[in-house]
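Some notes on the structure that comes next.
The values are calculated or read from the model by the stated rules, or taken from the named source; none is laboratory data. Just so we're clear, the structure is a prediction, and the values are computed from it rather than from any experiment. Ideal geometry is used to build each Cβ from the backbone, glycine not excepted, and the neighbour counts take in all protein chains shown.
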Amino acid sequence: MTQYRRTAAWINLSHLENNLREIKKLIAPGTFFCPMVKANAYGHGDVAISLKLEQLGVKTLGVGLIEEGLLLRRAGCRSQILFFGIFDEHGVEPILQSHLTPVLSTWEQILCLEKKIKSSMAVHVKFDTGMHRLGFAMQDLEKLRAHFETSLLKVEGILTHLHSAEGLNPKEGSALEQLRQFAKVEQVFSAINSQPKPVVHSLNSAGMINFAKYSASEWPEGLSPHQGARPGLALYGIAPVKSTMNLKPVMNLRSEIVRTHALKAGESVSYGATWTASKDSMIGVVPMGYADGYHRLLSNRGTVLFRGQPVPVVGNVCMDYIMIDVSSVVKSAESLDHEVVTLFGEDEFGKYLSPEELAKQAQTISWEILTSVGERVPRVIENEGARSWKM
Ligand SMILES: *Cc1c(COP(=O)(O)O)cnc(C)c1O
């Protein structure tokens, strides 16, 4: 479709490639690896991201919904697609038809599948080690092992999810305790008759980064040194914990000024007139609002990049627009129309505004900043070198 709108999320696939390379440095060869492309690849566009990852040699992708898996299959994705969500009998048909690999968390899921399948099928089995969201209770461990001895469902992988991976270390804490619980699962499941030992995976981005900070011998005995990883955020260029990785932002959200106002001291801006110019000010109107995922909490709080400088969002965020005060950068009354504004990510000068910073201003987390970018913001694949908005 022709794009009339001068606002877009530029998707930099060479940065994705860079991030994948950085992540791979943390993971021992042969360790299970499943980049997460759920939620439209954290808002980046799951088809483009997934096809690129496949091209880069990724063998498994993680989705949260059957619908997401089907979309990827229709787009031509051929890798293994791990589906992490809950499903009932209605979900079985599409799972089988589209060759999704389900992650099982309930007995109902097991029974639904067993009712329909005629030959063996690979599944992953999730255990709840303290997150209390999805996964089988640890008390079910023996019963599950016995069940899978004779089932057509073959346990190709076992997994858990850490609730506080930011604090993972080999000495103490809830994340370590969760991995200890998980080691019991691994022990029990390594002994299923006539089935290869399942792969194990437990680490999100924070867990993966922290786990790699220590050598295998520093971790308590019994924990698998091959904790598989399911990175999301790091893949998209943001490290959730301190790290020496050289990650680069995959999404760069940019717009341009569509109207310039030279305000006199005392004049105000936007609904409710919550901001009033204390001196003569240059104001730019930017076509990006809360309907596009620019949080209204950023009213009089947010920052954007303009001509390589951070400048504040002034007045209330509207459905379709924000207003920015560029007076610190522009000293005379001139038209700024069509000048680029970067809402987050890298600007055309290589300056960077992190979604993390925006998340702090909006009292949320980077994950929500990325996934909030609205459906009506086009995702445009950025060519290497051509960063600027002009199309
Ligand atoms: C989303 C998700 C991840 C990835 O988490 P990040 O913090 O973005 O790396 C990993 N595992 C599961 C089960 C998830 O749902």
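Exactly one of (1) buried (at least 22 other Cβ atoms within 10 Å of the Cβ); (2) among the aliphatic types (A, V, I, L, M); (3) not in a helix (DSSP H, G or I) is unmet by Val185. Its number?
All conditions are met except number (3).
Can you confirm whether the stretch 29-39 contains a residue that is crowded, with 17+ Cβ neighbours inside 10 Å, assigned to a helix (DSSP H, G or I) and within 16 Å of the ligand (Cβ to nearest atom)?
Yes, the stretch 29-39 contains at least one residue that is crowded, with 17+ Cβ neighbours inside 10 Å, assigned to a helix (DSSP H, G or I) and within 16 Å of the ligand (Cβ to nearest atom).
Pick out the one residue from Ser217, Ser255 that is crowded, with 21+ Cβ neighbours inside 10 Å and out of contact with any Gly (no Cβ under 9 Å at 6 or more places or on another chain).
Unique residue meeting the criteria: Ser255.
Only one of (1) part of a loop (DSSP other than H, G, I, E, B); (2) more than 16 Å from the ligand (Cβ to nearest atom) fails for His163. Which number is that?
(2)
Listed residues Ser224, Ser215, Ser202; which is over 11 Å from the mean Cα position of the chain (by Cα), in the same structural domain as Val103 (by TED's automatic domain parsing) and within 13 Å of the ligand (Cβ to nearest atom)?
Ser202
Could you identify the single residue in Phe83, Phe127 that is touching a strand residue (DSSP E or B) at 6+ places or on another chain (Cβ under 6 Å) and in contact (Cβ under 8 Å) with a residue 40 or more places away in the chain?
Every option except Phe127 fails the conditions.
Taking only the stretch 232-276 into account, find how many residues are within 28 Å of Glu382 (Cα to Cα) and in a strand (DSSP E or B).
8
Only one of Val329, Val317 is surrounded by fewer than 21 Cβ atoms within 10 Å (Cβ to Cβ) and aliphatic (A, V, I, L, M). Can you tell me which?
Val329
Those residues that are within 13 Å of Ala39 (Cα to Cα) and loosely packed, with under 14 Cβ neighbours inside 10 Å, I need them from the stretch 58-92; list them, please.
Glu67
Just to be sure, is Gly284 touching a strand residue (DSSP E or B) at 6+ places or on another chain (Cβ under 7 Å), on the phi > 0 side of the Ramachandran plot and outside any helix (DSSP H, G or I)?
It is false that Gly284 is touching a strand residue (DSSP E or B) at 6+ places or on another chain (Cβ under 7 Å), on the phi > 0 side of the Ramachandran plot and outside any helix (DSSP H, G or I).
Where the second residue is surrounded by fewer than 20 Cβ atoms within 10 Å (Cβ to Cβ) and part of a loop (DSSP other than H, G, I, E, B) and the first is modelled with pLDDT of 95 or more and of a type in the set (A, V, I, L, M) and lies in the stretch 22-33, which pairs have Cβ atoms under 7 Å and are six or more apart or on separate chains?
Within 7 Å, the pairs are Leu26/Ala212.
When only residues in the stretch 237-246 that are touching a residue at least 60 places away in the same chain (Cβ under 8 Å) and either over 21 Å from Ile11 (Cβ atoms) or more than 8 Å from the ligand (Cβ to nearest atom) (or both) count, which is surrounded by the most Cβ atoms within 10 Å (Cβ to Cβ)?
So the residue we want is Gly237.
In the set Glu186, Glu172, which member is more than 13 Å from the ligand (Cβ to nearest atom) and farther than 18 Å from Ser105 by Cα?
Going through Glu186, Glu172 in turn, the sole match is Glu172.
Of the residues that make up the stretch 108-123, is at least one under 17 Å from Leu82 (Cα atoms), buried (at least 22 other Cβ atoms within 10 Å of the Cβ) and touching a Phe, Trp or Tyr at 6+ places or on another chain (Cβ under 7 Å)?
There is at least one residue in the stretch 108-123 that is under 17 Å from Leu82 (Cα atoms), buried (at least 22 other Cβ atoms within 10 Å of the Cβ) and touching a Phe, Trp or Tyr at 6+ places or on another chain (Cβ under 7 Å).
One residue is enough: does the stretch 139-153 have a residue meeting the conditions in the same structural domain as His201 (by TED's automatic domain parsing), closer than 25 Å to Gly57 by Cβ and in a strand (DSSP E or B)?
no
Going through the stretch 128-156 one residue at a time, which ones are over 22 Å from the mean Cα position of the chain (by Cα) and within 13 Å of the ligand (Cβ to nearest atom)?
Residue satisfying the conditions is Thr129 alone.
So in the stretch 40-97, with the set limited to residues that are in contact with a helix residue (DSSP H, G or I) (Cβ under 7 Å, 6 or more places away or on another chain) and acidic (Asp, Glu), which one is farthest from the ligand (Cβ to nearest atom)?
The residue in question is Glu89.
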